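Comments concern the structure below.
The values are calculated or read from the model by the stated rules, or taken from the named source; none is laboratory data. These figures come from a predicted structure and were not determined experimentally. Glycine also receives a Cβ, built like all others from the backbone with ideal geometry; neighbour counts cover every protein chain displayed.
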Amino acid sequence: MNNIFKSLLPPLLGLLLFIGIWALVAQSSPQLPGPVKTWASAVQLFSDPFYRKGPNDQGIGWNILASLQRVGIGFGMAAAIGIPLGFMIGRFKFLDAMTAPIISLLRPVSPLAWLPIGLLVFKAANPAAIWVIFISSIWPMIINTAAGVNRIPQDYMNVAKVLNLSEWKIFTKILFPAVLPYMITGIRLSIGVAWLVIVAAEMLTGGVGIGFWVWDEWNNLNVEHIIIAIFVVGIVGLLLEQALVMLAKRFSYE
Amino acid sequence: MEKYVQVENVQMLFDTKKGPFVALRDIDLTIAQGEFVTLIGHSGCGKSTLLNLVAGLTLPSSGAMLCAGREIVGPGPERGVVFQNHSLLPWLTCFENVHLAVERVFGQTENRSALKKRTHEALALVGLTHAEHKHPHEISGGMKQRVGIARALSMQPKVLLMDEPFGALDALTRAHLQDELMKIAQATHSTVVMVTHDVDEAVLLSDRIVMLTNGPAATIGEILHVTLERPRNRLALANNPQYHEYRGAVLEFLYHKMKS
């Protein structure tokens, strides 16, 4: 009991300090709502998270789910293409040399710079946003998976040689489990990027989504809702990351 | 002498940026079935290279290598290797690590329960039945090395190749495993080729000690026949003058006759 108290105390104090500073700042600038007002607004907002009043006016629950869905699809496609590609790049030096300049060139491009291309090609906001997620989150998955394949200790490959294992056995018993921790790191990095990008992309494209909702509330000058959106985005991002951390722990064998 | 492993006029060259590097030259060695041979020499003299050649993990630049009359063209389960780093797969349990080898060698001809039985027996041979369902990170270094030995033995190899298998262990564990290895080798009539740099280990375990000269271009300097009676007891040998003679001979070679 004492231990739980000890470990909860510092973060709780940090949170209280943060809220305190927020309240102080809110007092001195009249346009910024304080924590109390924001909390009241949040309670009201979350009391009916799944209402539907029209195609662009839906409950916050629907907004969050819509964003998560886009992230899921874009991220899923990035994983489905990025991870196998990473494996092959790691395994075959020629492919590595071939793709290295392209990856180096495209990786530092800001996700939002990809948006106009997406809108041009897909002519609709939803697929364009998914495209931006895809192209932004694919790089960590390719690079980390390839790095994992490169870092497989030669010892394991020697075992495979001495046992004369078939290619399939090498893949399932050695290659895949050895690369898994690196893959999961890549996935963790990707999910962070993806969630970051979706909010910005939705601000620019509109529709249903948490990013769009932020922009809409700004247009309505509902500052409390913008602040709430910040918390929501942060909390959902945190939960996604934590889920992957737990997954990573499950598969680490140190 | 019955020829089980034959190394004939073997030379090993490596291409490096500075030109060809001759690791081994003029290696002629014959090993009989059931023999326990150690390769000893200073660091960098090519003893691991020679072991890798017998294992088939590398192919010689010139010369012939034969095992049981057939040319060695690559690695395989009939030349089982125990690595210096145990090389156990960390995501498999000890049982599964050994089972991987058993399945590879006997999977086509035997059913599942027979394979399981082999795996249990191999682990029992090294005294690790109680650790079967543990993962490598849950057991000690000595135990990991024993699993490595169990894995190699479970394949019933023609030759057991060991690359400084006890190098990473403390003296007590090493002594214990050396005794166990002698017992197992005798019980299974295995042919063993072991790389070591420990003189006492070489004299205690071997039937013959192959002493390599210093690298580069190392070759076989001397071969010592150790005719101490088996089973060998290290405590008794401490008072055996012949043991000390052998020991002296090896040390003399290593420290005085290094150059070819």
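Residues in segment A:208-216 include at least one that is over 30 Å from A:PRO30 (Cβ atoms) and either buried (at least 19 other Cβ atoms within 10 Å of the Cβ) or assigned by TED's automatic domain parsing to the domain that holds A:ILE60 (or both).
Could you go through segment B:163-171 and let me know if any residue there is in contact (Cβ under 8 Å) with a residue 40 or more places away in the chain, assigned to a helix (DSSP H, G or I) and in contact with a strand residue (DSSP E or B) (Cβ under 7 Å, 6 or more places away or on another chain). Within segment B:163-171, not a single residue is in contact (Cβ under 8 Å) with a residue 40 or more places away in the chain, assigned to a helix (DSSP H, G or I) and in contact with a strand residue (DSSP E or B) (Cβ under 7 Å, 6 or more places away or on another chain).
Can you spot a residue in segment B:170-177 that is touching a Gly at 6+ places or on another chain (Cβ under 8 Å), within 18 Å of B:VAL5 (Cβ to Cβ) and not acidic (Asp, Glu)? No: segment B:170-177 contains no residue that is touching a Gly at 6+ places or on another chain (Cβ under 8 Å), within 18 Å of B:VAL5 (Cβ to Cβ) and not acidic (Asp, Glu).
Would you check if there is a residue in segment B:113-123 being among the aliphatic types (A, V, I, L, M), in contact with a helix residue (DSSP H, G or I) (Cβ under 6 Å, 6 or more places away or on another chain) and closer than 27 Å to B:VAL37 by Cα? There is at least one residue in segment B:113-123 that is among the aliphatic types (A, V, I, L, M), in contact with a helix residue (DSSP H, G or I) (Cβ under 6 Å, 6 or more places away or on another chain) and closer than 27 Å to B:VAL37 by Cα. Counting the residues of segment B:31-59 that are over 13 Å from the mean Cα position of the chain (by Cα) and either at pLDDT below 90 or within 14 Å of chain A (Cβ to nearest Cβ) (or both) gives 10. Within segment A:25-49, the residues that satisfy the criterion of being surrounded by fewer than 11 Cβ atoms within 10 Å (Cβ to Cβ) and not polar (S, T, N, Q) are A:PRO30, A:VAL43, A:ASP48.
Each row is one residue, and each column tells you yes or no for (1) closer than 25 Å to A:ALA79 by Cα; (2) in contact with a Leu (Cβ under 7 Å, 6 or more places away or on another chain).
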position: A:TYR182; (1), (2): yes, no
position: A:SER190; (1), (2): yes, no
position: A:ILE198; (1), (2): yes, no
position: A:ALA201; (1), (2): yes, yes
position: A:GLY209; (1), (2): yes, no
position: A:TRP213; (1), (2): no, no
position: A:GLU217; (1), (2): no, no
position: A:LEU221; (1), (2): no, no
position: A:GLU224; (1), (2): no, no
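Note on segment A:108-221: enclosed helices (runs of 4 or more DSSP H) holding 2 or more residues that are of a type in the set (A, V, I, L, M, F, W, C) and within 14 Å of chain B (Cβ to nearest Cβ) are A:154-163, A:176-205. As a summary of the residue check, B:SER61 satisfies the conditions (1) within 30 Å of A:PRO181 (Cα to Cα); (2) in contact (Cβ under 8 Å) with a residue 40 or more places away in the chain except for the one numbered (1). Applying the criterion of being within 14 Å of chain A (Cβ to nearest Cβ) and of a type in the set (Gly, Ala, Ser) to the residues of segment B:60-99, the residue that is surrounded by the most Cβ atoms within 10 Å (Cβ to Cβ) is B:GLY80. The condition of being assigned to a loop (DSSP other than H, G, I, E, B), within 30 Å of the chain's Cα centre (by Cα), assigned by TED's automatic domain parsing to the domain that holds A:ALA229 and of a type in the set (Phe, Trp, Tyr) does not hold for A:PHE46.
Scanning segment A:77-101 for residues that are among the small types (Gly, Ala, Ser) and either closer than 17 Å to A:ALA200 by Cα or exposed (fewer than 14 other Cβ atoms within 10 Å of the Cβ) (or both) yields A:ALA80, A:ALA97, A:ALA100.
Could you list, in sequence order, all residues of segment A:179-202 that are out of contact with any helix residue (DSSP H, G or I) (no Cβ under 6 Å at 6 or more places or on another chain) and farther than 15 Å from A:ILE133 by Cβ? Answer for segment A:179-202, where residues must be out of contact with any helix residue (DSSP H, G or I) (no Cβ under 6 Å at 6 or more places or on another chain) and farther than 15 Å from A:ILE133 by Cβ: A:LEU180, A:PRO181. Every test in (1) among the β-branched types (Val, Ile, Thr); (2) out of contact with any Lys or Arg (no Cβ under 6 Å at 6 or more places or on another chain); (3) within 12 Å of chain A (Cβ to nearest Cβ) is passed by B:VAL102 save one, and that test is (2). Total residues in segment B:123-167 satisfying the condition of being of a type in the set (A, V, I, L, M), within 14 Å of chain A (Cβ to nearest Cβ) and crowded, with 21+ Cβ neighbours inside 10 Å: the figure is 10. Residue count for segment B:98-112 satisfying the condition of being under 17 Å from B:GLN145 (Cα atoms) and in contact with a helix residue (DSSP H, G or I) (Cβ under 6 Å, 6 or more places away or on another chain): 3.
Restricting attention to segment A:133-149, does a residue exist that is surrounded by 17 or more Cβ atoms within 10 Å (Cβ to Cβ), without any contact (Cβ under 8 Å) to a residue 60 or more places away in the chain and under 18 Å from B:PRO75 (Cα atoms)? Looking for residues that are surrounded by 17 or more Cβ atoms within 10 Å (Cβ to Cβ), without any contact (Cβ under 8 Å) to a residue 60 or more places away in the chain and under 18 Å from B:PRO75 (Cα atoms), one finds none in segment A:133-149, hence no.
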